[in-house]
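Trainee: Below: one structure in structure tokens.
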Amino acid sequence: MKRLLTTIAMLAFICCMAAQLPPKREFRGVWMPTVTGEYTGLSEKEMKSKLIGQLDRMQELGINAVLFQVRPEADAWYRSRFEPWSRFITGRQGQDPGWDPTEFMIDECHKRCIEFHAWINPYRVKTSAATALDARHLYNRHPEMFIEYGGQTFFNPALKESREFICRIIKDIATHYDIDAIHMDDYFYPYPKAGETLPDLYDFTARSRGFKDIGEWRRDNVNKLIKQIRDTIDSAAPWVQFGISPFGIYRNIGSDPRGSRTKGLQNYDDLYADVLLWIDEGWIDYVAPQLYWEVGHPAADYNELLRWWSDNVNDHCLLYIGQDVARSVKGENQQRMKLDSLRADHDIDGYCLYPVKQVMANTGNYAKVLYTSYNATPALPHVAKRFEGQRPKKVRSVKVADTSDGMMLFWNTRKVKDCFKEPTKFCVYRFDRKKDINLGQSSAIVSITADRYTKILPTEGKRKQYYVITAIDRFNNESKQVVKKVKLKN
């Protein structure tokens, strides 16, 4: 009993420290869905104002990545050569809004040092049978490429033509837009509907590729797509990350001794998504399982799933945890318990919040808790494993100047031949004494900025301080430090 109490006390201490000391490196993402209709019908001015307001608030809350849904229904929130404009912009599919929301969002995100992850749904075409498709939509030219299930329409995962078209879309986005990642969520084969059978028996018979089990064949269809997307990105835009946010349960222990102690729908068996294979093969840079259940949930306990994913994701893939804001505030102290648990596990590299609307609404004080406690200091995202070791050159010509806005610190960058080694942002630290300089100390971070200057903040009772500036490249590698002693005017 004494040992148990000691263990509980230690865990409580770890959780307390995790909340008090935000990490320097942490992915802090937010999903911005467009399929919900939140932006539909807004004028360009209205939508830009709404998006800027959301991004400004996310920046205040320490969010450093936005997962913006650019392809909700085989359509486009960007100027696509292959698919029509999304109906979730103007209300009618194919109608040109007269501006490019994706280009706008990328620019606004990067101004705020926020990564832009282009979120696409690979197979989904219509969420409702009543949805009207634009006359130029691929469905109207090649209906044989699609299947109907559960009142919805999907690309047929069995077809090579489907894979090639989806990869063409990804190449188009990755080569024409300055995105940081391609992101996909949990929609692979459709979620099962009671009493309905997937209409793919003919395809299985005609294209079995030697598989005897239809489930294995379906998984292989999805595996082929994921591998082909990886190859497409590597050849067309190797600087772009590829991440997936699957349903939170891979397999239950009742189905597989390797599975989690849960009783729920399964990625592997029901959605035909072999997520661990994609991780082990190195096809994805990050995985963000959607752990939307509560701590203590009888069928799918949050902490059980957190531990399971931490134990099963290898060191070559970053692990972020998907959090549902509304569900995290229903139970007492759920938000704090969840964030404490994931920060106490050093194999977990961050989290992603769903959806931005709930964060903006401060549902259950969720945003306030982030602002005042968990994200009280800025954080840099982790470096994807394949980009580690490429340090940008350090800054130069650091100078202090008096301006009409007060004392400012200015710096320049060094010339580089490789554009990918150019800094995209800078991390500014502040220390009271030179001997205290420690870049691992998150509380010393003053700002992460895309500008080449920062305001020197007066500190009561201090006559001098030491500012440290580092350059950060697009992959989040950090340069060597440059230290500047600043004499303060009190």
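Trainee: How many residues does segment 124-173 hold that are among the β-branched types (V, I, T), over 27 Å from the mean Cα position of the chain (by Cα) and buried (at least 17 other Cβ atoms within 10 Å of the Cβ)? Lay out the reasoning, then the answer.
Mentor: The initial filter retains those residues of segment 124-173 that are among the β-branched types (V, I, T), namely 125, 127, 131, 147, 153, 166, 169-170, 173.
Remaining after also requiring over 27 Å from the mean Cα position of the chain (by Cα): 131, 147.
Pick out the ones that are also buried (at least 17 other Cβ atoms within 10 Å of the Cβ) and you get 147.
So the answer is 1.
Trainee: Return the only residue of A344, A367, A401, A379 being among the small types (G, A, S), within 30 Å of W119 (Cα to Cα) and surrounded by fewer than 18 Cβ atoms within 10 Å (Cβ to Cβ).
Mentor: Answer to the selection: A344.
Trainee: Pairs, please: C-beta under 6 Å, at least 6 apart or cross-chain, first residue within 11 Å of C427 (Cα to Cα) and in segment 469-490, second of a type in the set (K, R) and part of a strand (DSSP E or B)?
Mentor: Matching pairs, first to second residue: I472/K425.
Trainee: Mind listing whichever residues of segment 289-338 are among the basic types (K, R) and under 26 Å from P33 (Cα atoms)? Full working, then the answer.
Mentor: So the first thing to find is which residues in segment 289-338 are among the basic types (K, R), and the list is 307, 327, 330, 336, 338.
Those that are among the basic types (K, R) and under 26 Å from P33 (Cα atoms): R327, K330, R336, K338.
To keep it simple, each residue is scored yes or no on (1) over 30 Å from L61 (Cα atoms); (2) in contact with a strand residue (DSSP E or B) (Cβ under 6 Å, 6 or more places away or on another chain).
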{"site": "F104", "(1), (2)": "no, no"}
{"site": "C109", "(1), (2)": "no, yes"}
{"site": "H137", "(1), (2)": "yes, no"}
{"site": "R141", "(1), (2)": "yes, no"}
{"site": "M145", "(1), (2)": "yes, no"}
{"site": "T153", "(1), (2)": "yes, yes"}
{"site": "K160", "(1), (2)": "yes, no"}
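Trainee: Let me ask something additional. Look at segment 441-451 and say how many of its residues are closer than 18 Å to R28 by Cβ and outside any strand (DSSP E or B).
Mentor: 3
Trainee: For segment 245-350, which fully contained helices (runs of 4 or more DSSP H) count at least 2 residues that are over 21 Å from I182 (Cα atoms) and touching a helix residue (DSSP H, G or I) at 6+ places or on another chain (Cβ under 9 Å)? Talk me through it step by step, then tell me what you get.
Mentor: Values: elements: 275-280, 302-312, 325-328, 334-344.
Filter on segment 245-350 gives 302-312, 325-328, 334-344.
Trainee: If you check V486, V400, which single one turns out to be part of a strand (DSSP E or B), of a type in the set (V, I, T) and touching a Phe, Trp or Tyr at 6+ places or on another chain (Cβ under 7 Å)? Spell out how you get there, then give the answer.
Mentor: Details: V400 fails: touching a Phe, Trp or Tyr at 6+ places or on another chain (Cβ under 7 Å).
When all the criteria are applied, what remains is V486.
Trainee: Is it the case that R327 is out of contact with any strand residue (DSSP E or B) (no Cβ under 7 Å at 6 or more places or on another chain), at pLDDT 95 or above and either over 25 Å from D231 (Cβ atoms) or of a type in the set (S, T, Y) (or both)?
Mentor: Details: out of contact with any strand residue (DSSP E or B) (no Cβ under 7 Å at 6 or more places or on another chain): yes; at pLDDT 95 or above: no; either over 25 Å from D231 (Cβ atoms) or of a type in the set (S, T, Y) (or both): yes.
Here the answer is no, as R327 does not meet what is asked.
Trainee: Here's a follow-up. Take segment 269-317 and flag every residue that is small (G, A, S), surrounded by fewer than 18 Cβ atoms within 10 Å (Cβ to Cβ) and over 18 Å from the mean Cα position of the chain (by Cα). Lay out the reasoning, then the answer.
Mentor: Here is the first cut: in segment 269-317, the ones small (G, A, S) are 273, 282, 288, 296, 299-300, 310.
When the remaining residues are screened for being surrounded by fewer than 18 Cβ atoms within 10 Å (Cβ to Cβ), the result is 282, 296, 299, 310.
G296, A299, listed by residue number.
Trainee: So which residues in segment 382-397 are more than 29 Å from W283 (Cβ to Cβ) and surrounded by fewer than 17 Cβ atoms within 10 Å (Cβ to Cβ)? Can you show your working first?
Mentor: Start the filter on segment 382-397 by keeping residues that are more than 29 Å from W283 (Cβ to Cβ), which leaves 393-397.
Scanning segment 382-397 gives K393, R396, S397.
Trainee: So, one more: Would you tally the residues in segment 90-120 being part of a helix (DSSP H, G or I), touching a residue at least 12 places away in the same chain (Cβ under 8 Å) and not aromatic (F, W, Y)? Show your work before the answer.
Mentor: Looking only at segment 90-120, we keep the residues that are part of a helix (DSSP H, G or I), and these are 90, 101-111.
Remaining after also requiring touching a residue at least 12 places away in the same chain (Cβ under 8 Å): 90, 101-106, 108-111.
Filter once more, keeping what is not aromatic (F, W, Y): 90, 101-103, 105-106, 108-111.
Result for segment 90-120: 10.
The values are calculated or read from the model by the stated rules, or taken from the named source; none is laboratory data. What you see is a predicted model; the values in this text were computed from it and never measured. Please note: Cβ atoms are built from the backbone with ideal geometry, for glycine as well, and neighbour counts cover all protein chains shown.
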